[in-house]
Every structure is written in C-alpha cells, then in structure tokens.
Amino acid sequence: MTERDWRIFREDFSISYKGSHAAPPLRSWSEAALPESLLRAVEAAGYATPSPIQRAAIPLGLAQRDVIGVAETGSGKTCAFVLPMLAYVLAQPEMAGHPEREAEGPYAVVLAPTRELAQQIEEETKNLARFTPTRVVSVVGGQSIEEQGFALRKGCEVLVATPGRLVDALGRSYAVLNQCNYVVLDEADRMIDLGFEPQVVGVLDAMPASNLKPEADDAPLERDRVYRTTYMFSATMPPAVERLARSYLRRPVVVTIGRAGKATENVQQHVLVCKENEKAGLLEQQLGQLEDDARVVVFVNTKRACDAVAKQLAELDFRATLLHGGKTQDQREDSIRGFREDRFNVLVATDVAGRGIDVPNVALVVNYDMPHTIEYYTHRIGRTGRAGRKGVAVTFLTLGDADVYYDLRKFLEDNGVQVPRALAQHEASKNKPGALGGPPRRDAIQYAKK
C-alpha cells in the first residue's frame, strides 16, 4: 500500500499516531506476526476482524514499543494488550518445571484499578492462552492473600493484579518481579482517580530498572538485550497520568482511536432534566419501554441509593441485582455472574462497576444519579454500545448536579447530541466552575466565620 492508502486506512478506522516509527496497523489477523497457538485462540474466540485499537496497538506491542492507548470505551483493548504480551511470554525460556526461574516471578504483569476488572482480564488472558502452557494468576483484594501467595510460589508467567494488593504481596515477599519486563497499566486514569499512584509507582520500581530503554529517541537498542515494554491504556489523559508516562515509558507511541474522552457513536444519549422525587417514576417508565429480557445497568452515586433503587425495582417485579463496595467479594461476583447468565436483567451499581466490567448486549444504561465528573459519565455510558452493537444511555439531571452542567453541555455538543433547553439555558452550563466569571465550585465556597 502507498502512504496515501495507509492514510485513508487510518482515517477509515479513526486511528491516529503520535510518535516516531510507528508500525503500520493490521488489515487482518493473518498479518499479525502472532504464534499459531494465539491465532487459534483468536479464531476460537470468534474475533473475525481486529477492532481499531487492536489493529493499531498489536503491531506496536509485538515490536516491543512502549504504547499509550487512548481509546473509546468498549473498544476491545484487553485483547489489544493481551495478545502481544502472550507473544512476548511465549518467546521467553520455559518456566514450568524450572524452580529457579519460577522463583524469580512472572514474565509479565497487568495492573487494573478494581478487582472486577482484574478478574475479567484474567479470564480473557486465560481464554487467549488456552492453547499455550502459560499460567495466569490474579492477586486482588477480597480474597486470602496467603492463598494467592501460595499460587504465586507455584509459578506463573502472567500476573494480573490490583496495585494495592500487589504492593502488599511484594511487601510480604509473596511476590517478586525480578524478571518482569512486560507491564500493562489498564485504566490508568481510573487508578490515579482512586489514589493508587504511589502503589503503581511502587510496583514499577520493584521491576528491574536496568532494563528500561534509553530515554533518547536516537539511542540505539542492543540487539540481544531484553528491554522493558510498557503498555498504558487510558480513556483520558489527566496530568497525573502524563506524569506517570513521562517517568516510566520510553519513546512511546500514542495511539488514539476516535477522540480522547469521547463516547462511542454506537451509544444514543438522552438527558432528562427532572426533580429528585421524579426519578423513580422516570426509571419505571424507561424500563417499561424495553423488552422483558433486555439487559439494563442503572448507576447511582451511593450505596444507600443502590439499595433503595434495587428494592424499588424488586417491588415492581424486575429481576434486579445490585453491586456496590459494601458487598462481599462473593456477593459481587455472584451479582455479575447472575447478570451475565440472565438470572437478573437489571444491575443497579455504584461506580465500582463503572469501568471495565464487560457484560455483552447491555441495551440501556441509566444514570439515575449524574456522576460528579464527565470522565465517570463517559465510562458509565460505555457499558452499552460495545463491540459494534447499538445502545442507549439515559441520564436524570437535577439542580443538584450544577457542578457538572458545563462539562456535560460541552460533552453533548462535542458528540452531536441535542442539549436539553433547561441545561443549555442554565447559568451554570455557560462557564466552567472555578473559571473567571463562572460560579465557584462547592469546595471553593467561602463561608462566613461565626
């Protein structure tokens, strides 16, 4: 293909690169320089053609380039980093049956912000590694760290973990990362939001620093030396994420699919301006318009609201389950499993499920409570319209959400969504809170002293 052909191809799939010497995207799976065992797994998984992020990111990972992936939600990014990671692992000396290698820790580590997302990544990795000897272990909160330590001592090639639990395991000498030279930071912005930056840094610093690539763009790489490869995926790029990238990624290629922070075009967005006491009736009305077996996720901001909405839906004979941080790990896993297996068709959740939980064929997302930031809004509505399917997101907006009016109006306009008149005309939607001429943020209001 000519350079013009490649430019048109990239435009067709909304792929853009920033960085030098980016490998061309995949046109088909047959072009991926993947081991036969992985291509068999791709076929068995039913992935007929690569998604845009897979087309762009997989060749870079196979070339062991550091990658920053900025993609729409529901874009197939897990497969985009798992396949090159597994290809790297398969190229390393066999670990099973060699205690001296097993004692040095895994060849690759994936960090995720929540245990639900980590377990989903573990499941996908095992699925794609099914025809290989690769062993995958997850280390997450809510489970016995002693049992996880025992699994680590038996040896594994890939470790999937949440930052806090992995730091704990490292501190107790249950885990070592002496030979880990492939690392993935999934949902990096969410990890920063949750305050995990120190733990992420602690994990990265526990890996061999001598294998970092040189910082200079023109510095040659030694042919036979193993360098650390770092993948970072993030739906947004706030300053803290950029700081992390500058410290630990070397000569990264930034791959952007669509536009950062943009909702997928497969999601039809509606915003209903209402009063707080009108939400229950509006929710019943929205659910009543769907087929009986349609899958729905209802997001709220608090555990109390989660319990109350789930109770309301149960009284209306909906098959509803709930998911929030007050539930045990077993209860949370049972809720997600029941939702996937259609024992329940409505999941009421706080933002513990807002990122990464991939349940197919969600027809409707309802923001019963508007989230406090537009980033959370983006990730919530991304639970529908995934994998090329269409979906609908409905948000109930009240006067209590004025702090996010400006960002929501801009987001809707940028996505070509009609802005409700009540939102467009409200003073809070015309200026960003804290900006000159705009209303102060709630936490910036100065109260008179007694």
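Looking only at segment 276-288, decide whether some residue is more than 28 Å from GLN143 (Cα to Cα) and touching a Gly at 6+ places or on another chain (Cβ under 9 Å).
First, the residues of segment 276-288 that are more than 28 Å from GLN143 (Cα to Cα): 276-288.
Next, only the ones that are touching a Gly at 6+ places or on another chain (Cβ under 9 Å) stay: 276.
The answer is yes; a qualifying residue exists.
Go through the residues of segment 360-372 one by one and say whether even a single one is outside the structural domain of GLY76 (by TED's automatic domain parsing), in a helix (DSSP H, G or I) and surrounded by 17 or more Cβ atoms within 10 Å (Cβ to Cβ).
Residues of segment 360-372 that are outside the structural domain of GLY76 (by TED's automatic domain parsing), as a first pass: 360-372.
Pick out the ones that are also in a helix (DSSP H, G or I) and you get none.
No; the residues of segment 360-372 include none that is outside the structural domain of GLY76 (by TED's automatic domain parsing), in a helix (DSSP H, G or I) and surrounded by 17 or more Cβ atoms within 10 Å (Cβ to Cβ).
So which residues in segment 101-139 are free of Cβ contacts under 8 Å to residues at least 40 places away in the same chain and either part of a helix (DSSP H, G or I) or in contact with a helix residue (DSSP H, G or I) (Cβ under 8 Å, 6 or more places away or on another chain) (or both), if there are any at all?
Within segment 101-139, GLU122, GLU123, LYS126, VAL136, VAL137, SER138, VAL139 meet the criteria.
For segment 116-131, give me each residue that is of a type in the set (A, V, I, L, M) and more than 13 Å from the chain's Cα centre (by Cα). Don't jump to the end; show me each part of the working.
Step one: list which residues in segment 116-131 are of a type in the set (A, V, I, L, M), which gives 117-118, 121, 128-129.
LEU128, ALA129 - these are the residues of segment 116-131 that are of a type in the set (A, V, I, L, M) and more than 13 Å from the chain's Cα centre (by Cα).
Given the condition farther than 19 Å from LEU111 by Cβ, touching a strand residue (DSSP E or B) at 6+ places or on another chain (Cβ under 9 Å) and either at pLDDT below 85 or basic (Lys, Arg) (or both), answer yes or no: does some residue in segment 196-217 qualify? Show your work before the answer.
Pass one, segment 196-217, residues farther than 19 Å from LEU111 by Cβ: 210, 213-217.
This time we only want the ones that are touching a strand residue (DSSP E or B) at 6+ places or on another chain (Cβ under 9 Å), so: 213.
From what is left, the residues that are either at pLDDT below 85 or basic (Lys, Arg) (or both) are 213.
Yes, there is a match, as at least one residue in segment 196-217 is farther than 19 Å from LEU111 by Cβ, touching a strand residue (DSSP E or B) at 6+ places or on another chain (Cβ under 9 Å) and either at pLDDT below 85 or basic (Lys, Arg) (or both).
Out of curiosity, is GLN54 of a type in the set (S, T, N, Q), out of contact with any Asp or Glu (no Cβ under 6 Å at 6 or more places or on another chain) and surrounded by fewer than 23 Cβ atoms within 10 Å (Cβ to Cβ)? Show your work before the answer.
On the way: of a type in the set (S, T, N, Q): yes; out of contact with any Asp or Glu (no Cβ under 6 Å at 6 or more places or on another chain): yes; surrounded by fewer than 23 Cβ atoms within 10 Å (Cβ to Cβ): no.
No.
Output the number of the condition that ARG101 fails; it satisfies all remaining conditions of (1) among the basic types (Lys, Arg); (2) more than 25 Å from the chain's Cα centre (by Cα); (3) loosely packed, with under 15 Cβ neighbours inside 10 Å.
(3)
Filter the strands (runs of 3 or more DSSP E) completely within segment 225-314 down to those with at least 2 residues that are within 30 Å of GLU215 (Cα to Cα) and out of contact with any Cys (no Cβ under 9 Å at 6 or more places or on another chain).
Correct list: 229-233, 253-257.
The values are calculated or read from the model by the stated rules, or taken from the named source; none is laboratory data. Everything numeric here is computed off the predicted structure, so don't read it as measured data. Here the Cβ is made from the backbone with ideal geometry for all residues, glycine too, and neighbour counts use every protein chain on show.
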